[in-house]
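Have a look at the structure below, then the notes.
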């Protein structure tokens, strides 16, 4: 029983210490996850953009719902960029994601922060505030895509 | 100017009256969206399942985070099942999604309701309550997949 208890304790420790990438059984699961999360985020961000840019009528409730989802989704993709997930043929991530991890982390943190501000702005129902926050958030998308995503 | 105003007003009316499927520029965008949302939901539901089934140690905070995401994602995919989205080669949706819309809607509503209960259970931190709610939610996944998704 003692050795079983030790193995169980070690397994627990491993599970607690495991990096985020270990949440995925296979690297391709991590790639699918991060791409799915980014895709859902992009859809809702695009709907906000259509309102911010005057392409569709502004609807405060819709804006708030979309911004809430953007802020939620913005936190998710990063766990999917673990070691080994650069090899998947569907991945568009540049090697810099892993060779410049500090910069990549700063970029993802910036998106999370700006999308939280966008969410807060959308909750006020003030279109001008949404436009400002939308532009700031869009800048974080672009700077990361330019630096870290293959065309 | 008058005719322009009429066109603009008509466009606005159309936008307001447009069904959810019109939120997507192309049917393939809708398919990608619904599959992405279901995939993200499945990842977080799977993590809850690993805890509910004792495959990984129970962590109340992680369970609550995952359940919150499941409940959020559960509301999203259905807007992506609009008319014309059955033709995409990536779609696994059976024709019954469109020929039995009432049943399909009831199934998606059931998932939304059960995942909200799962979210509430996870917030209590009670593993036994989570297990019950997880099983009920999993049943809604299975019954819809059996009836509406091609293997």
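The values are calculated or read from the model by the stated rules, or taken from the named source; none is laboratory data. None of the values given here were measured: they were computed from a predicted structure. Every residue, glycine as well, gets a Cβ built from its backbone with ideal geometry; the counts of neighbours run over all protein chains shown.
Miscellaneous remarks
- Single unsatisfied condition, residue B:99 versus (1) in contact with a helix residue (DSSP H, G or I) (Cβ under 8 Å, 6 or more places away or on another chain); (2) free of Cβ contacts under 8 Å to residues at least 24 places away in the same chain: (1)
- Of the criteria (1) touching a residue at least 24 places away in the same chain (Cβ under 8 Å); (2) crowded, with 18+ Cβ neighbours inside 10 Å; (3) within 14 Å of chain A (Cβ to nearest Cβ), which one residue B:90 fails: (2)
- Out of A:112, A:130, sole residue that is buried (at least 20 other Cβ atoms within 10 Å of the Cβ) and modelled with pLDDT of 95 or more: A:130
- Qualifying positions in the stretch A:80-95 - part of a loop (DSSP other than H, G, I, E, B) and in contact with a strand residue (DSSP E or B) (Cβ under 9 Å, 6 or more places away or on another chain): A:81, A:85, A:86, A:92, A:94
- Selection of the stretch A:58-72 for residues being farther than 23 Å from residue B:40 by Cβ and without any contact (Cβ under 8 Å) to a residue 60 or more places away in the chain yields A:59, A:61.
- Sole exception among (1) part of a helix (DSSP H, G or I); (2) at pLDDT 95 or above; (3) within 9 Å of chain B (Cβ to nearest Cβ) for residue A:12, by number: (2)
- Complete set of residues in the stretch B:27-57 that are within 11 Å of chain A (Cβ to nearest Cβ), without any contact (Cβ under 8 Å) to a residue 24 or more places away in the chain and farther than 16 Å from residue A:77 by Cα: B:29, B:46, B:50, B:55, B:56, B:57
- The set of residues from the stretch B:69-79 being surrounded by fewer than 24 Cβ atoms within 10 Å (Cβ to Cβ), more than 9 Å from chain A (Cβ to nearest Cβ) and in a helix (DSSP H, G or I) comprises B:71, B:77, B:78, B:79.
- Only one of the listed residues (B:64, B:50) is touching a helix residue (DSSP H, G or I) at 6+ places or on another chain (Cβ under 7 Å), assigned to a helix (DSSP H, G or I) and either modelled with pLDDT of 95 or more or at negative phi (or both). That residue is B:64.
- Any chance residue B:31 is modelled with pLDDT of 95 or more, touching a strand residue (DSSP E or B) at 6+ places or on another chain (Cβ under 9 Å), surrounded by 12 or more Cβ atoms within 10 Å (Cβ to Cβ) and assigned to a helix (DSSP H, G or I): yes
- Summed over the stretch A:25-42, residues that are in contact with a helix residue (DSSP H, G or I) (Cβ under 7 Å, 6 or more places away or on another chain) and farther than 23 Å from residue A:126 by Cβ total 10.
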